[in-house]
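Colleague: Sharing a structure with you now.
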Amino acid sequence: MRPVAVVGIGKTAFGAFPDRDLRSLAVEAGQKALADAHAKPEQIEAFYLGNFAGPSFVGQNHLAPYIAAGMGIIGIPATRFEAACASSGAAFFNAVSAVAAGLYDVVLVTGVEKMTSQPTPKVTEILAGAGDLCGEVRAGATFPALFAMIARRHMYQYGTTREQMAAVAVKNHANGAKNPLAHMRKVITMEQALAGKPIAEPLTVYDCSLVSDGAAAVVIAPLERASEFAGKPIRVLGISQTSDNVALDEKDDITTLRAVKTSAAKAYKMAGVSPADIQFAELHDCFTIAEILATEDLGFVEKGEGGPYALAGKTCLQGERPINTSGGLKAKGHPVGATGVGQICDVALQIRGEAGERQIARNKLGLAQNLGGSGATSVVTILGAA
Amino acid sequence: MTSPGSGTVYTETVVFSPPEAYVNDVPYQLAIIQLENGRRLTGRIDGEHARIGDKVAFVDFRNNVAFFRKAA
């Protein structure tokens, strides 16, 4: 297997853009990544697209060649990957695997979602399609409800509190306010976070990530060819994708994201590092409780210690291990199909030292964790300076 | 459909922001029930609010969804 590097990154702003269609967002991100790498469309040997529900949100199918052609890229394999909110994480994992195996050299990976053209109950219903439609969803489960039930059980078993979850929201909003591409650049207080409108008890609107439009893209290449491209290459040191049951009621212990544990173990082994070595991370905070679970299941802290870890400020910009310096899904926004590749871009930006106001000093080894559904797909990637 | 019998609340939530199909039901309590047969089932709680650990009894199926009620 050949070492693989990220040689170009590009993102649109995340937000609500009524005048933008899905294709134009994906094309903008892809062109930015190509420009960042100083790569030409004709150099791209394969196009991997992550998109969760374009057909449901905007009615468009056959998305990968449609978007590729929008960038002047034709005559290559162009394929869409769907793995719920881990769609572009899965696209990235498969693209890296293909380059590592020697199938292609220069590959473009893009993630995109266009969500804000539908009313909230419709968005809620489309997102619920990532759950078990014959069981939990028919009973009335939404994604906030599934993570609310995870939160309730975590509170019951480990004493996790509303304040600890709110601390995640306050921290991610503080970081998002410093990110020019974030959907919500607004600082919030602990009092506001605790007094939010209930969505699914105990989660309030401040525990939930945003419904956003947006796209993100990366160009990857074998490390041995990285010097042909502009900018500082970022090495993919470890990567893994694993699966678990889709239905929450089929999981033995809902306070643990089993796929995160299995994918993390493989990624750490591949990179030859331990959880303690990871200096910073972009984690999948679709809900505040999900960031707490991830810090535990990635091995940053013991099970049950994720809440106190967040409340103690260990994960804030000045903390011992900054998490979601981009603002996370909570404040940066969560155009679901764009999130996985967006995280790769944000980790790369920190390692390149280009994160502006939110730049951290200990930026050599970062991790991205992308989750699908209530944990049925997990992609964990470890990135470092090449 | 056969009755899932009674069980214990493994976890629960009250939903305020519904999917399109249930806009007229909110707020409603959703729960994962640990059944006496060892399996778990996601269903609704009717009537009095139930907490983790509470015993619940099966009431009926409505549109293939199991409804439970807090046991006396």
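Colleague: Counting only residues 5 or more places away or on other chains, whose amide H sits under 5 Å from the amide H of B:Ser6 once H atoms are built in the peptide plane?
Modeller: It is B:Glu36, B:Phe58, by chain and number.
Colleague: Report, as an integer, the average count of C-beta atoms from other chains found within 10 Å of each Cβ along A:211-218. It would help to have the intermediate numbers written out before the result.
Modeller: Details: counts 0, 0, 0, 0, 0, 0, 0, 0.
Neighbouring Cβ atoms belonging to other protein chains average 0 per residue here.
Colleague: Could you please report the charge total around A:Glu320, scoring K, R as +1 and D, E as -1 over all other residues with beta-carbon less than 10 angstrom from its beta-carbon?
Modeller: Numbers: positive: A:Lys314, A:Arg321, A:Arg362; negative: none.
Taking every Cβ under 10 Å from that of A:Glu320, the sum is +3.
Colleague: Sticking with this structure for a sec: When the chain is fully extended, how far beyond the present Cα-Cα distance does A:Asp277 get from A:Thr189, taking 0.36 nm per residue of separation?
Modeller: 28.6 nm
Colleague: I've got another one for you. Could you tally the net charge around A:Gly356, taking each other residue with its Cβ under 15 Å from the Cβ of A:Gly356, Lys/Arg +1 and Asp/Glu -1? Working shown, then result.
Modeller: Details: positive: A:Lys11, A:Lys178, A:Arg185, A:Lys332, A:Arg352, A:Arg358; negative: A:Asp346, A:Glu354, A:Glu357.
Net charge around A:Gly356: +3.
Colleague: Output ³J(HN,Hα) for region A:214-219: one whole-Hz value per residue in order, computed from phi by the Karplus curve 6.51 cos²θ - 1.76 cosθ + 1.60 with θ = phi - 60°, and x for Gly and Pro.
Modeller: In residue order, the calculated couplings are x, 8, 9, 8, 9, 9 Hz.
Colleague: If you don't mind, another one. Tell me, what HN-Hα J-couplings in whole Hz come from the Karplus equation 6.51 cos²θ - 1.76 cosθ + 1.60 at θ = phi - 60° for each residue of region A:316-325, using x for Gly and Pro?
Modeller: With the stated coefficients, region A:316-325 comes to 7, 3, 9, x, 5, 9, x, 10, 6, 5 Hz.
Colleague: Moving on. For chain B, run through the trypsin sites (Lys or Arg not before Pro) and keep only the ones in DSSP coil with at most 15 other Cβ atoms within 10 Å of their Cβ. Can you show the working numbers first?
Modeller: Details: sites: B:Arg39, B:Arg40, B:Arg44, B:Arg51, B:Lys55, B:Arg62, B:Arg69, B:Lys70; in loops: B:Arg39, B:Arg51.
Filter output for chain B: B:Arg39, B:Arg51.
Colleague: With the crude spin-label approximation of a point 7 Å out along Cα→Cβ, what separation in nm comes out for A:Ala312 versus A:Glu163?
Modeller: Between A:Ala312 and A:Glu163, the simple spin-label model gives 1.5 nm.
Colleague: If packing is taken as the average count of other Cβ atoms within 10 Å, what order do A:324-330, A:59-65 fall into, highest mean first? If you can, show how the numbers build up before the last one.
Modeller: Working: A:324-330: 29.9, A:59-65: 15.0.
Most protected by this proxy first, the peptides run A:324-330, A:59-65.
Colleague: Using the Kirkwood radius built from alpha carbon pairs, what does the Stokes-Einstein equation give as D for chain A at 20 °C and 1.002 mPa s, in µm² per second? If you can, show how the numbers build up before the last one.
Modeller: Working: Rh = 20.1 Å.
D = 107 µm²/s.
Colleague: Could I have the simple spin-label model distance between A:Cys134 and A:Asp253, label points 7 Å from Cα toward Cβ, reported in nm to one decimal?
Modeller: 2.9 nm
Colleague: Explain nothing, just compute: Karplus ³J(HN,Hα) = 6.51 cos²θ - 1.76 cosθ + 1.60, θ = phi - 60°, for every residue of region A:375-385 in order, whole Hz, x for Gly and Pro.
Modeller: 3J(HN,Hα) across region A:375-385, in whole Hz: x, 7, 10, 9, 10, 10, 10, 10, 10, x, 4.
Colleague: Can you give the local net charge around A:Ala64? Use residues other than it whose beta-carbon is closer than 12 angstrom to its beta-carbon, Lys and Arg +1, Asp and Glu -1. Each step should come with its number before you reach the end.
Modeller: On the way: positive: A:Arg23, A:Arg80; negative: A:Glu82.
Net of charged neighbours comes to +1.
Colleague: For a quick check of your reading of the filter: which GluC sites (Glu not before Pro) in region A:305-361 sit in a DSSP loop and have no more than 14 other Cβ atoms within 10 Å?
Modeller: Values: sites: A:Glu305, A:Glu320, A:Glu354, A:Glu357; in loops: A:Glu305, A:Glu320, A:Glu354.
Here the GluC sites (Glu not before Pro) that fit, given the DSSP loop and packing criteria, are A:Glu320, A:Glu354.
Colleague: Normalising by the residue count of chain B, find the relative contact order in percent from Cα pairs under 8 Å and 6+ residues apart.
Modeller: On the way: 151 pairs, mean separation 22.9, N = 72.
Relative CO of chain B lands at 32 percent.
Colleague: Could you tally up the Lys pairs in region A:1-150 with alpha carbons closer than 20 Å? Skip any pair fewer than 8 positions apart unless they're on separate chains. All intermediate terms of the calculation are to be shown ahead of the outcome.
Modeller: Values: A:Lys11/A:Lys32; A:Lys11/A:Lys40; A:Lys11/A:Lys114; A:Lys32/A:Lys40; A:Lys32/A:Lys114; A:Lys114/A:Lys122.
Final tally of qualifying lysine pairs is 6.
Colleague: Oh, and also: Over the alpha carbons of chain B, what is the largest minus smallest coordinate on each principal axis, giving the biggest first in Å?
Modeller: 33, 26, 20
Colleague: Within 10 Å of each residue's Cβ, count the other Cβ atoms and sort A:Met165, A:Met270, B:Met1 from fewest upward.
Modeller: On the way: A:Met165 29, A:Met270 16, B:Met1 7.
Ranked by crowding around the Cβ, least crowded first: B:Met1, A:Met270, A:Met165.
Colleague: Right, next: What FRET efficiency comes out for the pair B:Arg62/A:Ala16, r = Cβ-Cβ distance, R0 = 35 Å, nearest 0.05? Don't skip to the answer; put the middle values down first.
Modeller: On the way: r = 36 Å, r/R0 = 1.04.
For R0 = 35 Å, the calculated efficiency reads 0.45.
Colleague: Once you put a point 7 Å from the Cα of A:Glu320 and another 7 Å from the Cα of B:Ala71, both along the Cβ direction, what distance in nm separates them?
Modeller: Inter-label distance under the simple model: 4.5 nm.
Colleague: Find the relative contact order for region A:154-257 and round it to a whole percent, using C-alpha pairs within less than 8 Å whose residues are 6+ positions apart.
Modeller: Numbers: 64 pairs, mean separation 17.2, N = 104.
Here the relative contact order equals 17 percent.
Colleague: Quick one: plug the Kirkwood hydrodynamic radius of region A:236-300 (C-alpha pairs) into Stokes-Einstein at 20 °C, 1.002 mPa s, and report D in µm²/s. Can you show the working numbers first?
Modeller: On the way: Rh = 12.5 Å.
Value of D from the Cα-based Kirkwood radius: 171 µm²/s.
Colleague: Going down the table (A:Lys251/A:Lys332; A:Lys197/A:Lys303; A:Lys178/A:Lys332), which pairs top 21 Å between alpha carbons? Mind dumping the intermediate values first?
Modeller: Numbers: A:Lys251/A:Lys332 30 Å; A:Lys197/A:Lys303 29 Å; A:Lys178/A:Lys332 10 Å.
Pairs exceeding the cut-off: A:Lys251/A:Lys332; A:Lys197/A:Lys303.
Colleague: Moving on. To the nearest 500 deg cm²/dmol, what mean residue ellipticity at 222 nm is calculated for chain A from DSSP H runs of n ≥ 4 alone, each contributing -39,500 (n - 2.57), summed and divided by the residues?
Modeller: Details: 13 runs with 139 residues, N = 386.
Using -39500 (n - 2.57) per qualifying helix, the result is -11000 deg cm²/dmol.
Colleague: Around A:Gly50, which amide H atoms from residues at least 5 apart in sequence, or from another chain, sit under 5 Å from its own amide H, with H modelled in the peptide plane?
Modeller: A:Phe81, A:Thr110, A:Gly111, A:Val112
Colleague: Give me, ordered by chain and number, the residues 5 or more places off A:Cys85 or on other chains with an amide H under 5 Å from its own placed amide H.
Modeller: Placed amide hydrogens put A:Gly373 under 5 Å from A:Cys85.
Colleague: If you don't mind, there's one more thing I want to ask. Let me have the relative contact order for chain A, percent, based on Cα pairs under 8 Å that are six or more residues apart.
Modeller: Reported relative contact order: 27 percent.
Coordinate-derived values only; no laboratory data. Here the structure is a predicted model, which means the values were calculated and not measured. For neighbour counting, all protein chains shown are included, and Cβ atoms are generated from backbone atoms with ideal geometry for every residue, glycine included.
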